[in-house]
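Only one structure is covered here, and it is reproduced in the block below.
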2 protein chains.
Amino acid sequence: MPIVLVSNLAPDAERRWVALLQAAMPEEEIHPAVDFTGDPATVDVVIAANPAPDKLAPFGSIRFVQSLWAGVEHLVHNPALPPAAPLARLVDPNMSQAMAEGVAAHVLALHRDHARFARSQRQRVWSKDPQKLARERTVGFLGTGELARACMRMLQPLGFSLLGWSRHQRAIDGVATFAGSDGLQTMLGGTEILVNLTPLTAATRGLIDARLLAALPKGAMLINVARGGHVVEADLIDALDRGHLAEAVLDVFEIEPLPADHPFWAHPRIQVFPHVAAQTDPASAAKIAAANIRRFRRGETPHDLVDRQRGY
Amino acid sequence: MPIVLVSNLAPDAERRWVALLQAAMPEEEIHPAVDFTGDPATVDVVIAANPAPDKLAPFGSIRFVQSLWAGVEHLVHNPALPPAAPLARLVDPNMSQAMAEGVAAHVLALHRDHARFARSQRQRVWSKDPQKLARERTVGFLGTGELARACMRMLQPLGFSLLGWSRHQRAIDGVATFAGSDGLQTMLGGTEILVNLTPLTAATRGLIDARLLAALPKGAMLINVARGGHVVEADLIDALDRGHLAEAVLDVFEIEPLPADHPFWAHPRIQVFPHVAAQTDPASAAKIAAANIRRFRRGETPHDLVDRQRGY
């Protein structure tokens, strides 16, 4: 039975993805939705890249959905997604590695004041303060999932003290972990660099608000590499302008690309990155999607299934 | 016999250092040179922080010199340094750790294009290219000494491919090493991020010149955390302006503080840092100097003696 890639991508990008997916599973017949002229009722597997509901709607008979992306916050709420079809998100070790490298780069750059020195350079000012070692610096994570744990494993040998918070407490070697709203307050109070890597759900939308930021010590710094929807933008700007938060590194935004007139672009304490903390490696992603679809074809439970109630 | 700290520091800074040194070796009598009124001929140990020759000259009877700094390129050529007195440089594990963290921060920031994204942000441009993983990126070191090896140990678990060049070839686990001028050309040809951590000697002054930069592949990036004298400034600017070298991170300069009218400040491809790759931790440095002076007092060979012929 044919497989269709249903996406919000431009037609050419959708076709390029299909070429990679077809190469990764030559035993299957894969079509880009944009070119599919067959009977949608014959399609039992959809590969999904954030399709609009009307694009997904024709495929009502599907029995398995493989997301091309790791984040499924749009897909789980897609009204055209058949309620009973198992949905797998894409978990790619290359992407975990890319995320860990990206977060380590941001943590070290904040730890070593790169943004402050860049401001000094623009003013031709030569000035320095005493320096902390990584072992004197605490990094707290919102989220303790796959990607957060990959980051922790990379930061640990650098010497940072690590904290992690999640909905349900999870034991992680060498990391002090917290859960619940009391646990969150405790963790934030000891966090100098906060890394957001929690999934975006109804429970975490707007989590990074005035109250959360106030619970951080003065001078704390934020790295958001999860989703723009986690951050209440006005509260973030206020905390920076009052000097409570020292720096923010933002890789994700409520609207992407970030609109040209958005105040984040010109804020002296905000570093804007164009959603590059962990780019998908198409060749690698195609192979992982193929392996999961083969599991489904063999009657095995696919990997990385999403709990659609929970949202991730 | 009294010990004197002879330095190029301001009088108050010299006195603050003496207070720390005195606390680290209460059994000794330590004076700042600025306040010393005794007979210089009674002084057998000098702690030296880059003193001008006329400040060091009175202490002709010294039998041991402990540098307060790791770099001794000024001190070894100080004409007032008694030729026979053993000279130790300061090797502080805290400083190696600080250097490793500082270099890892620069390597990761270059690896992940922080400077390019900062330029995009100033133009409100959202644009990205495919991303490399650390394992697809080669970092080459000029120098394989204490500090370079500390950096390599930190970069290794991040996944980077590592190369190292020094005067005499040295085997380092997991690092491809090179020596001599042929070895240098070979290493440079495979280096995407070049880290300079070689000592400044007559042989390495001006090492980073047009010829060396031309041997790097197009798009390579430079991190200089050793000494300003290693770099031929005009050649560096030329390589950046021609687009051969993509970025330069400079922590050290021929004249420090970097003069306000220096072209490095405003160059779009140069990041200026005010000599902060590894700041001395005074309390820790005082303890290490004390331990080495105690070795000398016990008649043992002090640690970290400098080969004055070689210059480091």
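The values are calculated or read from the model by the stated rules, or taken from the named source; none is laboratory data. Just so you know, these numbers come straight off a predicted model, no measurement behind them. Reconstructed Cβ throughout: ideal geometry from the backbone, glycine too, with neighbour counts over all protein chains shown. Heads up: the accessible areas ignore ligands, DNA and RNA and are worked out on the full protein's heavy atoms, side chains in. Shrake-Rupley method; radii C 1.70, N 1.55, O 1.52, S 1.80 Å.
Here are the numbers for the structure shown:
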quantity: Taking N as its residue count, the alpha carbon Rg of the range A:96-272 over 2.2 N^0.38 Å; calculated: 0.99
quantity: Estimated dipole of chain A in Debye, rounded to 20 [Cβ of Lys and Arg +1, of Asp and Glu -1, Cα centre]; calculated: 940 debye
quantity: DSSP-defined beta bridges in chain A - what % are antiparallel, rounded to 5; calculated: 5 percent
quantity: Pairwise burial B:A, computed as accessible area of each alone minus the pair, summed, 1.4 Å, Å²; calculated: 4300 Å²
quantity: C-alpha long axis of helix A:282-297 to longest principal axis of chain A, angle in °; calculated: 50 degrees
quantity: For the range B:246-275 and the range A:204-265, distance of Cα centres in Å; calculated: 31 Å
quantity: Long-range tail of P(r) for chain B (Cα pairs > 24 Å, %); calculated: 56 percent
quantity: Sulfur and carbon atoms: percent of accessible area, chain A [1.4 Å]; calculated: 53 percent
quantity: Debye intensity ratio in log₁₀ form over the Cα atoms of the protein assembly as shown, taken at each q of 0.10 Å⁻¹; calculated: -0.96
quantity: The range B:1-106: trypsin sites (Lys or Arg not before Pro) in DSSP coil with no more than 14 other Cβ atoms inside 10 Å; calculated: B:63
quantity: Net +/- balance of residues flanking residue B:35 in space, Cβ distance below 12 Å, scoring K and R +1, D and E -1; calculated: -1
quantity: Per residue value of the accessible surface for the range A:96-272 (all protein chains in place, 1.4 Å probe), Å²; calculated: 39 Å²
quantity: Reachable lysines from residue A:132, criterion Cα separation under 27 angstrom, eight or more residues apart if same chain; calculated: A:218, B:287
quantity: Spacing of the two label points (7 Å from each Cα toward its C-beta) at residue A:210 and residue A:27, in nm; calculated: 5.9 nm
quantity: Within-10-Å neighbourhood charge of residue B:213 [Cβ basis; K, R +1; D, E -1]; calculated: -1
